[in-house]
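Read the structure below first, then the notes.
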Amino acid sequence: MSQLALCNYSSNDNNNNDNVSEDSHPPTIYRCRAPIASLDCMEEFSGGSLSGLADKDGSFTKEQLLLGGLTHSTPGVPLQLSRTTNATPGLRYRNLGKSGLRVSNIGLGTWPTFSPNVTEEQAEQIIVLAVESGINVFDLSEAHSGTRAEVELGRILSRRGWKRTTFIVTTKIYWSTRSEERGLSRKHIIESVRASLSRLQLTYIDVVILHKTDPMCPMEEVVRAMNYVINQGWAMYWGTARWSPVEIMEAYTNCRQFNCVTPIMEQAEYHMFCREKTELYMPELYNKIGVGLMAWSPISMGLSQGKDDGNIQLFSRASFRNKYSSFSWTEDETVASGTVNKDGYGWMKDRPQPEENRKYSERVRELSSLAERLGCTLTQLTVAWTLKNESVQCLLLGASNVEQLYESIQALQLIPKLNANIVQDIEKILENKPSRPPMVSTLALR
């Protein structure tokens, strides 16, 4: 503190003593002292706790790895999660969209967790591991595992007695187990939200997500219904899933016109073979209207499920080619396909053609070789690559057992190692970096 500041402080203190009694304690005022920055903010500005520790080439010394939480980085040996600290290395909390809701950068997609082959005890172990690791987002949907997921998650949350403020529950509306109970009408939205609250044994849902647009329902009715749900206290926020950028803008415009609460997020598919919507259009929506991104990565779940038999599993052509709406395991897309895998789900609808299959298989093999050089699994590489994109505020991971979730969580430690050279090598393997078509002048077309 400078001498001038000390003089100002002492003179003001003497003046104040003339107006107060001996028993009173005037507040102490410190001048010329800058506020201390929050450690959380400093970590976010530095891009993570390990980003500042790496050398210029992205490598780490032994001391740096121990300080950052990584136990080793020997090629060919999987990364290990540090057990000596309560905080999960690499786990960060970000605002979802431009709202004040803070979500962990990885969440738990409960579709495989509550599948028919997973017992309630196993599902509870997965939920407990997620909470203990710092994950606070649990994503649900009737289209994936019906109402069983909401019922079992509600039982687990009630039995564990965790504070309601420590976890975030998101559930989707549109699909249902009965064909006549679907859509986004005001009736269906309100009935679905109230039914979900009853099954979850909760007083409110954090984010209600509209799973696909309803071409038979006016957008005004949709946004007014969601505004009513939030005003009733049944939900805190609402978002969309599998909506095109045009549909999201239409919903936002209607919200502004009718003074309704705007959506805060879009849930979209994003992985190495599905990139266009997330990389080209979602950042624009975030900057213009504040819609954030919650991504889900099915290819990591497929690779994780197929590692036991050594086969490389690929997804349908729709998941690779669809530009705007993401592929989803919904009732009409799975049951009608007639293709059911060993877990009881028909997510392998429309298998790729032999030529496409060979092309994608070759790319996956090259990615596997790269993952070996980095000392991780292919699943961990896909998760880390997805989280490397700053537009992804939360990535939903799936797990049908504790080992799968534990393996996926370790991928957080791999993110700082994906330097510019590694990312360039991945781009050379994929050869699918999206780009917008050049602008064409209307005068040139005349």
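Tabulated data
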| read-out | value |
| --- | --- |
| Amide H partners (placed H, <5 Å) of G398, local residues excluded | G109 |
| Rounded FRET efficiency, nearest 0.05, which uses the C-beta distance separating E221 from V402 and R0 of 51 Å | 0.75 |
| Added length on full extension, which subtracts the Cα-Cα distance from 0.36 nm per residue, E191 to E356 | 55.1 nm |
| Region 146-246: translational diffusion in µm²/s, Stokes-Einstein, Kirkwood Rh over Cα pairs, 20 °C, 1.002 mPa s | 152 µm²/s |
| Amide H within-cut-off set for G292, under 5 Å, with H built and near neighbours excluded | G97, K98, M265, E266 |
| Estimated inter-spin distance, E250 and T166, nm [label 7 Å along Cα→Cβ] | 4.3 nm |
| Fully extended contour minus Cα-Cα distance, from N231 to R155, at 0.36 nm per residue | 24.7 nm |
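Throughout, read-outs are computed from the coordinates displayed, never taken from laboratory work. None of the values given here were measured: they were computed from a predicted structure. Cβ coordinates were reconstructed from backbone atoms using ideal geometry, including for glycine residues, and neighbour counts include every protein chain displayed.
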